[in-house]
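Visitor: This is the structure I have questions about; it appears just below.
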Amino acid sequence: MHPNIIHLGFLTIPTFGLLAAIGLMAALTLSLRTAVTVGLNADSAWNAGLFAIVAAFVLSRLLLVVTNLKSFLAYPILLLMVPSLTPLGLLLTGVSVFVYLRIKQLPLLATLDAWSPCGTLVWAFLALGHFAEGSDPGTPSNLPWATAVIADSLRVHPVAIYAALSAVVITFVLLRLLPSRRRDGDIFSLTLALCGLAQFLLTFIREPAFFDNAFGTLLDPIQWVSLGMIVLAGVVWQLPRRQVAYAV
């Protein structure tokens, strides 16, 4: 594993962070194309995407500081380097992006359609980052491509690579279908369904992460989230939505 791509004295560049940054820039660049495909202004979509990224970063760090104020006052730089994207941070980011889109008069579902393949592209880069730092372990495997861990005494499924490949395939499918969508939200709902299904299936070869929660230990937490994505996809699909005039 290669958690750091550069480590020279005090200069350390984590591989995950670098791949995440590349993925975000690639997604923003892709949004210029997908925005035009769904009939949005490319610059407006770029600005909205940039706002979403900045909002996620700022709000996640703000929550981290608020919930760990004493640690922040003692070790501010060290705390701010801790990964801090949480469900609450994502929720607040979603609310702020929704407000931004309303202010800028950008249609929500059409924007989400344009962003869907961009989001799965980011997922591919993040999965590669997880593989590089070894933070998404799989279950034991004897397959030829299994990853060696613990001084080669154990080989496991490279779940992060599977996730990256799934994300790439989904991205290409979405880009292929985007020009022929018939209603606003079609691509977004399809994205939720495909990503939810992929993540649900991957948990069967991913190291279990059971812990006490409101739903008990019947399913892995990621499986609950995946099922939620699939249910949300069904809800969006059933909503009355604007027909796309240029659909074929």
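Visitor: Just to be sure, is VAL149 among the β-branched types (Val, Ile, Thr) and at pLDDT below 85?
Guide: Answer is yes for this residue.
Residue-wise test of (1) aliphatic (A, V, I, L, M); (2) under 22 Å from ASN41 (Cα atoms); (3) over 13 Å from the mean Cα position of the chain (by Cα).
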position: THR120; (1), (2), (3): no, yes, no
position: TRP123; (1), (2), (3): no, no, no
position: PRO137; (1), (2), (3): no, no, yes
position: HIS157; (1), (2), (3): no, no, yes
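Per-residue answers, yes or no, for (1) modelled with pLDDT under 80; (2) under 25 Å from MET25 (Cα atoms); (3) more than 22 Å from the chain's Cα centre (by Cα); (4) not in a helix (DSSP H, G or I):
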| position | (1), (2), (3), (4) |
| --- | --- |
| LEU40 | no, yes, yes, yes |
| GLY49 | no, yes, no, no |
| ALA52 | no, yes, no, no |
| PHE57 | no, yes, no, no |
| ARG61 | no, yes, no, no |
| LEU64 | yes, yes, no, no |
| SER71 | yes, no, yes, no |
| LEU78 | yes, no, yes, no |
| LEU88 | yes, yes, no, no |
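Visitor: Still on this model: Can you name the number of the only condition in (1) modelled with pLDDT under 95; (2) buried (at least 21 other Cβ atoms within 10 Å of the Cβ); (3) not aromatic (Phe, Trp, Tyr) that SER166 fails?
Guide: (1)
Visitor: Scan the range 162-181 for residues that are more than 13 Å from GLY39 (Cα to Cα) and not small (Gly, Ala, Ser) and jot them down.
Guide: Of the residues in the range 162-181, the ones more than 13 Å from GLY39 (Cα to Cα) are 162-177.
Those that are more than 13 Å from GLY39 (Cα to Cα) and not small (Gly, Ala, Ser): TYR162, LEU165, VAL168, VAL169, ILE170, THR171, PHE172, VAL173, LEU174, LEU175, ARG176, LEU177.
Visitor: Starting from residues that are among the hydrophobic types (A, V, I, L, M, F, W, C) and modelled with pLDDT under 75, keep the ones in the range 4-27 and report whichever is surrounded by the fewest Cβ atoms within 10 Å (Cβ to Cβ).
Guide: Of everything passing the filter in the range 4-27, PHE10 is surrounded by the fewest Cβ atoms within 10 Å (Cβ to Cβ).
Visitor: Answer yes or no: is there a residue in the range 192-209 that is assigned to a strand (DSSP E or B) and either at pLDDT 85 or above or over 30 Å from SER31 (Cβ atoms) (or both).
Guide: Checked against the condition, which is being assigned to a strand (DSSP E or B) and either at pLDDT 85 or above or over 30 Å from SER31 (Cβ atoms) (or both), the range 192-209 yields at least one hit.
The values are calculated or read from the model by the stated rules, or taken from the named source; none is laboratory data. What you are looking at is a predicted structure, and each value in this text was computed from that prediction instead of being measured. Note: ideal-geometry Cβ built from the backbone for every residue, glycine included; neighbour counts use all protein chains shown.
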